[in-house]
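All of the numbers you see were taken from the coordinates with simple rules; none came from a lab. Just so we're clear, the structure is a prediction, and the values are computed from it rather than from any experiment. When we count neighbours, we look across all protein chains shown, and the Cβ atoms used for this are built from the backbone with ideal geometry, even at glycine.
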Amino acid sequence: MLALIAGQPAFAQAQDRPSETYPEIVVTAQQQRAQVTSEGSLGALGERGALESPFNVRNYTSQLILDQQAETLGDVLENDPSVRTTQGFGNQSELFVIRGFPLAGDDVALDGLYGITPRQLVSPELYDRVQVLNGSSAFLFGAAPGGSGLGGGINLIPKRADRTLLRATASYAGDSVFGGNIDLGTRFGADDAFGIRVNGVYRDGDTPIDDERRSVRVAGADFDFRSGPGRFFLDVGYEDQRVYQPRPQVRLANTTLAIPRVPGAYANYAQPWAFTRLRDVYALARAEVDVAPDWTVYLAAGLRDGREDGDYATPTVTNSATGAATQARLFVPREDNNESGQIGVRGKFTVAGTSHAIGVGGTLNLAENRNAFASGGYRTATGGISTTTITNIYAPVAVARPVDLPGTGGDLANPPRASRTEFGSLFVSDTVGLFDDRVLVTGGVRQQNLTVEAFNRVTFGRASRYDRSATTPVVGIVVRPTATLSFYGNRIEGLVQGPTAPVNGTITNPGEVFEPYRTTQYEIGAKLQVRRLTATLALYRTTQPNGYSIATPTTASPAATTFVVDGRQRNQGIELGFNGEPVDWLRVIGGGSINDATLRRTAGGLTDGNDAIGVPDYQVNLGLEVIPPFLRAATVTGRVVHTGRQYLDVTNRQRLDDWTRFDLGLRYILVADDHPVTLRVSAENVANRRYWTSAFGGYLLQGQPRTAKASITVEY
């Protein structure tokens, strides 16, 4: 029974200590469950250990998600010094900035497949691991269909039934968000061939931000069959996420304005009718068959049906001193239908003392997006209709919900097709092992074809079509002078669909699709594993075309902007990470990064050498967990998140100050009737500091206020 509770080798270690009582063994086993690991899936290259991989990979486990009471992917990635979480263009979607480049929700992979993951807000409780890959990945996973991911990728690994489990958690988050989740799993049948894992999540209530309310309903299940040489999996999931009166981002009317003073930590300058509703249903099937010793054939296919509705109102500050602003409005209904698949074979053999790990396969991603939009529609005092209304970020002015103005945004009740993409690829790779695999040399190539179509929302005709092919190679090397140390290097390319101009009330070219482009990344680094601690050091350089919005005011629309792709953005930097337990009573999670993001080859050279928008000079995330010697059942947690200065505009006139946030927490483990019961309390941003957390994309995003969380987990 105790083995089922522990589920980790740590139990065996604890059992060897005769001085410990039975409850102490249970507590020790719970505390030693891994929160971060450094091995992981490299797509076309398969699973690789930390010291065998020519890339920088981290896995944040389901135990970390549970212990840190994470509610979104962004909460999980607060541990990563190479990642910052912001929001999409004017809406409530989480946008991840890795090595200074964006990763949109459309390009978060699920078990190696693009297009299946819920695209805007994702509850992490359904997943066993949140895997972060730093760097480009066009060869490893194929081109990301959403047009992002050049700085890194995220791959979610579903929970699977490895043992009998019944875990129930009740949770609270300020101001009054109550809920919980349940995690059930078991294996049955001859030799436990069948497995089922079921997860459910529910949360609802007011957040610490004034008048903001969130509701989350999530359910997922994994079914598997493992017998002989075959393994078969089916994952299904449902997410319903709703946010009412969400605090919006803020824009500045022009580059001559100073960065405004940050409103109160709890302040909300949203309109009362603003909302986001997201609904996603997905399914993913995978089969793996060992056709010979060390040779496996695999096949996977998945689909997602998504629906989004949102009414947004982004303030545009016109006077930084007073906070006076105009507020545009955008209503967007959207539907997505995506399919994705992959097939391949992996194998190993040795010839003349040289090992080879071969991979051959292909992928296909299909996506169709239907959306419409309406802007403006504010009623004036004289009975007219205006595209904007007057407000103030320090003293918001509530107005009635606008009417939907007719225009070029399409049928709101039946959104028309806006875009369709078809990404296909074939790949082959070989990792050659020399000197008893102390030197691993990887070479591979992926032939990719990207077809992107955009459609007029009113005439339904095709507005543009791009059909491009590209060959994206990869070269990697790992040298292991000792069993605990490795050095690595890689050259890998990125290939993405060109950016799409944001759809909002101020953009003059909403929905314009730009041509695909490719980038090249160079990286060298080192990894060290000592006891249960992994340390990594990486130096990298990546360049990509730069897309951003520029002000193009008119008399009729003074806040008008146009989305352009102008010049190139070169990001180069250094990353240092520590994850694990250097001693039994201490756990370290985090590190630091330095990023020099510079604009090059801009129009007329006017902004050459300037810093790119929204990319901090440096970032530090450092978390510590300490088990006090006088209270062995407790774990005291603390985390500091520090972000350096960043710019809001390409002229570098508008600079955000650096900021620091502190988090504190406590976990305590009880043993009730031989079962562990874990109590957790924490506070994020304990100083309740108010700050602009991000300027990415030319939008100011305010940091979250002090947020208290508490939960209790009972496990059988």
### Query
Any idea what angle helix 22-31 forms with the longest principal axis of the chain, computed on alpha-carbon atoms, 0 to 90 degrees, nearest 10?
50
### Query
Roughly what would the spin-label model give for THR520 and VAL397, points 7 Å off Cα along C-beta, in nm?
5.5
### Message
Could you compute the net charge surrounding PRO208? Neighbours are other residues with a C-beta less than 10 Å from the C-beta of PRO208; K and R count +1, D and E count -1.
### Response
-4
### Task
Read phi for every residue in the stretch 396-406 and hand back ³J(HN,Hα) as whole Hz from Karplus 6.51 cos²θ - 1.76 cosθ + 1.60, θ = phi - 60°, with x for Gly and Pro.
x, 10, 7, 10, 5, 4, x, 8, 7, 7, x
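What number does the stretch 487-641 give for Rg over Rh if you use C-alpha atoms and the Kirkwood radius?
1.14
Which order do the peptides 534-545, 651-662, 380-391 come out in when sorted by mean C-beta neighbours inside 10 angstrom, highest first?
Details: 534-545: 20.2, 651-662: 16.2, 380-391: 13.5.
Result, highest mean first: 534-545, 651-662, 380-391.
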### Message
Just want to confirm a number: the relative contact order over the chain, from Cα pairs under 8 angstrom separated by 6+ residues, in percent.
### Response
12
### Task
Express the relative contact order of the stretch 316-395 as a whole percentage, based on alpha carbon pairs under 8 Å and six or more residues apart in sequence.
39
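Under the rule of -39500 (n - 2.57) per DSSP H run of 4 or more residues, summed and divided by the residues of the chain, what mean residue ellipticity at 222 nm is obtained, to the nearest 500 deg cm²/dmol?
Working: 6 runs with 35 residues, N = 716.
Result for the chain: -1000 deg cm²/dmol, rounded to the nearest 500.
Going by average Cβ density within 10 Å per residue, which order do the peptides 560-571, 690-701 take, highest to lowest?
Values: 560-571: 19.9, 690-701: 22.8.
The densest-packed peptide leads the list: 690-701, 560-571.
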### Task
For ILE390 and ASP467, calculate 0.36 nm times their separation in residues minus their Cα-Cα distance, and state this gained length in nm to one decimal.
23.3 nm
### Query
Under a Cβ-Cβ cut-off of 10 Å, what is the net charge of the residues other than LEU126 that fall near it, where Lys and Arg count +1 and Asp and Glu count -1?
-4
### Query
ASP657 to THR484: extension gain in nm, 0.36 nm per residue of separation minus the Cα-Cα distance?
58.3 nm
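Semi-axes of the stretch 138-225's equivalent ellipsoid from the Cα gyration tensor, sqrt of 5 times each eigenvalue, largest first, rounded to whole Å?
Details: eigenvalues 181, 142, 14 Å².
One finds semi-axes of 30, 27, 8 Å for the stretch 138-225.
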### Query
What length, rounded to one decimal in nm, is gained on full extension from ARG379 through to LEU666, with 0.36 nm per residue of separation minus their alpha-carbon distance?
98.2 nm
### Query
Given H placed 1.01 Å from N in the peptide plane, which residues other than close sequence neighbours of GLY40 have an amide H under 5 Å from its amide H?
ARG48
## Note on the structure
In nm, the gap between the two label points placed 7 Å beyond Cα toward Cβ at HIS675 and ASN456 is 6.4
## Note on the structure
Mean separation of Cα contacts under 8 Å (at least 6 apart) over the residue count of the stretch 560-716, i.e. the relative contact order in percent, is 16
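Evaluate E = 1/(1 + (r/R0)^6) for THR408 and TYR22, where r is the Cβ-Cβ distance and R0 equals 60 Å; express this FRET efficiency to the nearest 0.05.
0.30
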### Summary
Rounded to the angstrom and largest first, Cα extents along the principal axes for the chain equal 82, 57, 47
